[in-house]
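Read through the structure below, which is laid out as structure tokens, and then see the notes.
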Amino acid sequence: MDVFEAMSTCRAMRYLEPDPVDDELIEQIITAATWAPSPGNSQGRDFVVVKDADKKRRIGDAIEAVMARPVAAMERPDRTHRLMLDGTAHLIETLKSCPVLILVCGKAVYPYAAPRESFVWSSIYPAAQNLIVAARALGLGTVFTTFQGTAEPTIRETLSIPDDVHIGCVIPVGWPGKKFGPLKRVGYDSVVHVDEWRGDLRTYPPTYDE
Ligand SMILES: Cc1cc2nc3c(=O)[nH]c(=O)nc-3n(C[C@H](O)[C@H](O)[C@H](O)COP(=O)(O)O)c2cc1C
């Protein structure tokens, strides 16, 4: 698949089928993640692949226990919010049955003489995005999540992740249960400043014609 097509249809896929995903595909998307740049090419990131049903259940249950109620209670003022939050609620409920969870983790290793935490995220996020786009190109669904913050002690204990390793995101991977498709994003003219800053070009949160 053309990379522009993959990127422009790479919706957050919160509905994933429980069917297994071949190890070769997981290896392929993580290999794509390793191609991402990082500060000084330090590559301070690691990938924890969770396939074990009991471990996924422990992680999923811990996240669900904290997140299910607040997400259910969040306001859904319009269709966009309703679809997103209903999807998030569904994902929380089904996290344990997603075929694979990939945690993109990183340690403060750069600059080598005086490592800084900010560079951890600079290593993790390009890699995570590479992984997500590669998965899309293979027809696999994924979604960036930062749910781990709600259940970090359980996740660390379940996966033996050391304290000095940051968990950047948890990416569920599986065959999509809904369609990929066009993204809602503000356009080129709303984000580009040519030769000089043009003041506020837009408001937040972004609005769209429904
Ligand atoms: C750093 C980061 C963290 C995110 N965390 C969550 C999350 O915890 N749960 C979730 O359902 N989606 C999460 N998302 C997904 C975003 O909500 C999603 O990418 C955004 O709403 C755009 O959706 P779309 O790609 O389907 O258009 C996260 C995305 C990013 C980049």
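The values are calculated or read from the model by the stated rules, or taken from the named source; none is laboratory data. Just so we're clear, the structure is a prediction, and the values are computed from it rather than from any experiment. In this analysis, Cβ positions are derived from the backbone assuming ideal geometry, glycine residues included, and neighbour counts consider all displayed protein chains. Only protein heavy atoms, including side chains, enter the accessible area calculation; ligands, DNA and RNA are left aside. Shrake-Rupley method; radii C 1.70, N 1.55, O 1.52, S 1.80 Å.
When you look at residue 134, is it within 14 Å of the ligand (Cβ to nearest atom) and either assigned to a loop (DSSP other than H, G, I, E, B) or at pLDDT 95 or above (or both), yes or no?
no
Is it the case that region 118-126 has a residue that's open to solvent by 10 Å² or more (accessible area, probe 1.4 Å), closer than 23 Å to residue 14 by Cα and not aromatic (Phe, Trp, Tyr)?
yes
Scan region 176-203 for residues that are open to solvent by 60 Å² or more (accessible area, probe 1.4 Å), of a type outside the set (A, V, I, L, M) and assigned to a loop (DSSP other than H, G, I, E, B) and jot them down.
Within region 176-203, 178, 179, 182, 184, 185, 195, 196, 197, 198, 200, 202, 203 meet the criteria.
Run down 199, 187, 168 and say which single residue is among the small types (Gly, Ala, Ser) and on the phi > 0 side of the Ramachandran plot. Don't jump to the end; show me each part of the working.
Working: 187 fails: on the phi > 0 side of the Ramachandran plot; 168 fails: on the phi > 0 side of the Ramachandran plot.
The unique qualifying residue is 199.
Please state which one of 6, 12, 33 is touching a Leu at 6+ places or on another chain (Cβ under 8 Å), touching a residue at least 40 places away in the same chain (Cβ under 8 Å), of a type in the set (Gly, Ala, Ser) and within 17 Å of residue 142 (Cα to Cα).
33
Which of the residues that make up region 70-114 are within 13 Å of the ligand (Cβ to nearest atom) and among the acidic types (Asp, Glu)?
Those that are within 13 Å of the ligand (Cβ to nearest atom) and among the acidic types (Asp, Glu): 86, 93.
Can you pull out every residue in region 150-162 that is among the hydrophobic types (A, V, I, L, M, F, W, C) and in a loop (DSSP other than H, G, I, E, B)?
151, 161
Mind listing just one residue for me: the one in region 182-210 that is under 21 Å from the mean Cα position of the chain (by Cα) and modelled with pLDDT of 90 or more and, of those, farthest from the ligand (Cβ to nearest atom)? So that I can check it myself, show each step before the final result.
Keep residues of region 182-210 that are under 21 Å from the mean Cα position of the chain (by Cα), which gives 182-186, 205-206.
Imposing the further condition that a residue be modelled with pLDDT of 90 or more reduces the set to 182-186.
On the way: 182: 9, 183: 5, 184: 6, 185: 7, 186: 12 Å.
Across region 182-210, the extreme among qualifying residues is 186.
Scan region 163-175 residue by residue and report those that are part of a loop (DSSP other than H, G, I, E, B) and either open to solvent by less than 40 Å² (accessible area, probe 1.4 Å) or farther than 21 Å from residue 125 by Cβ (or both).
Those that are part of a loop (DSSP other than H, G, I, E, B) and either open to solvent by less than 40 Å² (accessible area, probe 1.4 Å) or farther than 21 Å from residue 125 by Cβ (or both): 163, 175.
For residue 57, are the conditions met, namely being touching a residue at least 60 places away in the same chain (Cβ under 8 Å) and either under 18 Å from residue 131 (Cβ atoms) or away from the ligand (no atom under 16 Å from the Cβ) (or both)?
No; evaluated as a whole, the condition is false for this residue.
With the condition kept exactly as written, say whether any residue in region 146-160 is over 26 Å from residue 68 (Cβ atoms) and open to solvent by less than 40 Å² (accessible area, probe 1.4 Å).
No, because not a single residue in region 146-160 is over 26 Å from residue 68 (Cβ atoms) and open to solvent by less than 40 Å² (accessible area, probe 1.4 Å).
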